[in-house]
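Notes follow the structure.
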Amino acid sequence: MNTPRIDQNFGSLFGAVRRIALEVAASHAADVDKNARFPIETITALREAGVMSALVPREFGGAGCSMSELAQLCSTLAQACGSSAMVLAMHYSQLACVARHGLQSEYFRGYLRDVVRHQYLLASMTSEVGTFGDTRSSICAVECRDGRFMLDKDATTGSYCEHADAIVVTCRRDPSAAASDQVLVLVRREDFTLKTTTTWDTLGMRGTCSPGFRLVSSGSQEQIVPGAFADSSALTMVPYSHILWSSLWWGIAADAVARAATFVRGQARQAPGSVPPTAQRLAEVSIQLQAMKQNWFSAAQAFDAIGPSPGEQEQLPGIGWALRLNNLKVACSEAAPQIVHRALQIVGILGYKNDSPFSLGRHYRDVLSASLMIANDRINAKSASMLLVFKDVS
Ligand SMILES: Cc1cc2nc3c(=O)[nH]c(=O)nc-3n(C[C@H](O)[C@H](O)[C@H](O)COP(=O)(O)OP(=O)(O)OC[C@H]3O[C@@H](n4cnc5c(N)ncnc54)[C@H](O)[C@@H]3O)c2cc1C
């Protein structure tokens, strides 16, 4: 990898991601999908452009990008390759936990500088055999002795873990802790061995390479992120995941609509002076696409508007924000497949074919993962409990 530029700002990163999406990600997306392989060309290009450290605060050499800016990076990349955008979004969600909850630790301040210098890629291991999709409970526990930690975990799904420089792992605080008394541990590549336990031959998001893994790790105790995961989850992991995922699902849907629009314009050119009937459907689906964008963009802006003081940050674990983020995730994960489906109805058989420039197969399959990635039923069940006590539903 070439040494990344370190004088970045959002404008330069956005330009780089747009170029990488067009020149790199788009040309490899079909092969990544067909062979369920990691999008190595795209991630290498993102590293060389310094995109991996976009959210690292400026005082540590990063670009200090806001949530709205990160969401624009993810949605832009998603228009070319959904798997690449999902890798970037998951990386940002994990890095944000380190950047927002590790600053009191000299170890993590140094790690953030290293992320800028080496453009590390961080993966996530929240899922576990036996806890199903509940990220807020763990069976595995970190054990500490003589300044070292030991942590083993049997994860059901671990995206791009084999390609990551570090994995951020949820676990119980110690072997006597309750299932929900969790911490995050930053496990670096040199600290772990991985044994693949399941396959990743899926309908979509094939390039995320997310089979099950058995993790065996040990390292310095300093690598345990300060504070409880209950806080880093509510303040950071959930907002970053739900907003960035929503932005990238929108990106996939937006590319599907763009393909449909190109198709409709081609029809219009064949019959000058008349508006093809498919243009009416295009107008209708563009309403849904715009509403979806408003949903994630306004949530990102509202998140950015929350100040850094403890008093302002206290809003985030509140029921109002939890419901807003749950609603955002469920709404966008339901809207994306509907929009791609409507684009397919416009394009017809050329969208159904895999070898046509209007093909929508990959888009369709990729967005079907959205409602499963933390099951919507699980999220709605939590919202239902909150709504029993939360009166301000406006
Ligand atoms: C593309 C992709 C990438 C992923 N990457 C990672 C990763 O990097 N790291 C990681 O740790 N995990 C990852 N995951 C896993 C993900 O985060 C979830 O843990 C996993 O998808 C949930 O699996 P599940 O459907 O078996 O679990 P569950 O949530 O247990 O759902 C199983 C079934 O139970 C239903 N259900 C659950 N709760 C309720 C309820 N309260 N009421 C009614 N029905 C309910 C669901 O609707 C579903 O039908 C990834 C998943 C995907 C799709």
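The values are calculated or read from the model by the stated rules, or taken from the named source; none is laboratory data. No experiment lies behind these values; they were computed from the predicted model shown. Virtual Cβ from ideal backbone geometry, glycine too; neighbours counted across all protein chains shown.
Side notes on the structure shown:
- Of ALA381, ALA336, ALA283, ALA322, all but one fail to be aliphatic (A, V, I, L, M), free of Cβ contacts under 8 Å to residues at least 12 places away in the same chain, within 16 Å of the ligand (Cβ to nearest atom) and assigned to a helix (DSSP H, G or I); the exception is ALA381.
- Near pairs, Cβ below 6 angstrom, 6+ apart or cross-chain, from region 148-160 (closer than 15 Å to THR193 by Cα) to any residue that is part of a strand (DSSP E or B) and among the aromatic types (Phe, Trp, Tyr): ALA155/PHE213; GLY158/PHE213
- Filtered residue count, region 334-373, keeping only those that are crowded, with 22+ Cβ neighbours inside 10 Å and out of contact with any helix residue (DSSP H, G or I) (no Cβ under 6 Å at 6 or more places or on another chain): 1
- ASP304 being in contact (Cβ under 8 Å) with a residue 40 or more places away in the chain and within 17 Å of the chain's Cα centre (by Cα): no
- For region 152-172, filtering for residues that are surrounded by fewer than 24 Cβ atoms within 10 Å (Cβ to Cβ), under 12 Å from GLU128 (Cβ atoms) and more than 9 Å from the ligand (Cβ to nearest atom) leaves 3.
- Qualifying residue in region 307-319 (condition: out of contact with any helix residue (DSSP H, G or I) (no Cβ under 7 Å at 6 or more places or on another chain), among the polar types (S, T, N, Q) and either within 13 Å of the ligand (Cβ to nearest atom) or within 20 Å of ALA254 (Cα to Cα) (or both)): no
- Taking (1) under 23 Å from SER83 (Cα atoms); (2) more than 12 Å from the ligand (Cβ to nearest atom); (3) among the hydrophobic types (A, V, I, L, M, F, W, C) in turn, ALA177 satisfies each apart from (1).
- There is at least one residue in region 97-110 that is closer than 30 Å to ALA29 by Cβ and without any contact (Cβ under 8 Å) to a residue 60 or more places away in the chain.
- Among the residues of region 55-75, those identified as surrounded by fewer than 24 Cβ atoms within 10 Å (Cβ to Cβ) and polar (S, T, N, Q) are SER66, SER68, GLN72.
- Within region 270-316, tally of residues that are at pLDDT 95 or above and of a type in the set (D, E, K, R): 4
- Being in contact with a Pro (Cβ under 6 Å, 6 or more places away or on another chain) and modelled with pLDDT of 95 or more is a property that GLN267 has.
- Selection within region 36-45 - free of Cβ contacts under 8 Å to residues at least 60 places away in the same chain and either buried (at least 17 other Cβ atoms within 10 Å of the Cβ) or farther than 25 Å from CYS97 by Cβ (or both): GLU41, THR42, ALA45
- Counting residues in region 127-140 that are within 27 Å of SER66 (Cβ to Cβ), β-branched (Val, Ile, Thr) and away from the ligand (no atom under 16 Å from the Cβ) gives zero.
- Just one of the listed residues (LEU235, LEU248) is touching a residue at least 24 places away in the same chain (Cβ under 8 Å) and within 14 Å of the ligand (Cβ to nearest atom), and it is LEU248.
- Residue match in region 360-374 (condition: within 8 Å of the ligand (Cβ to nearest atom), under 19 Å from TRP321 (Cα atoms) and outside any helix (DSSP H, G or I)): yes
- Restricting region 88-107 to residues that are of a type outside the set (Gly, Ala, Ser) and buried (at least 22 other Cβ atoms within 10 Å of the Cβ), the residue that is nearest to the ligand (Cβ to nearest atom): MET90
Residue-wise test of (1) at pLDDT 95 or above; (2) within 14 Å of the ligand (Cβ to nearest atom); (3) farther than 25 Å from ASN295 by Cβ.
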| position | (1), (2), (3) |
| --- | --- |
| LEU55 | yes, no, no |
| ARG58 | yes, no, yes |
| CYS65 | yes, no, no |
| ARG117 | yes, no, yes |
| MET125 | yes, yes, yes |
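- Selection count, region 198-215, where residues are away from the ligand (no atom under 13 Å from the Cβ) and touching a Phe, Trp or Tyr at 6+ places or on another chain (Cβ under 8 Å): 0
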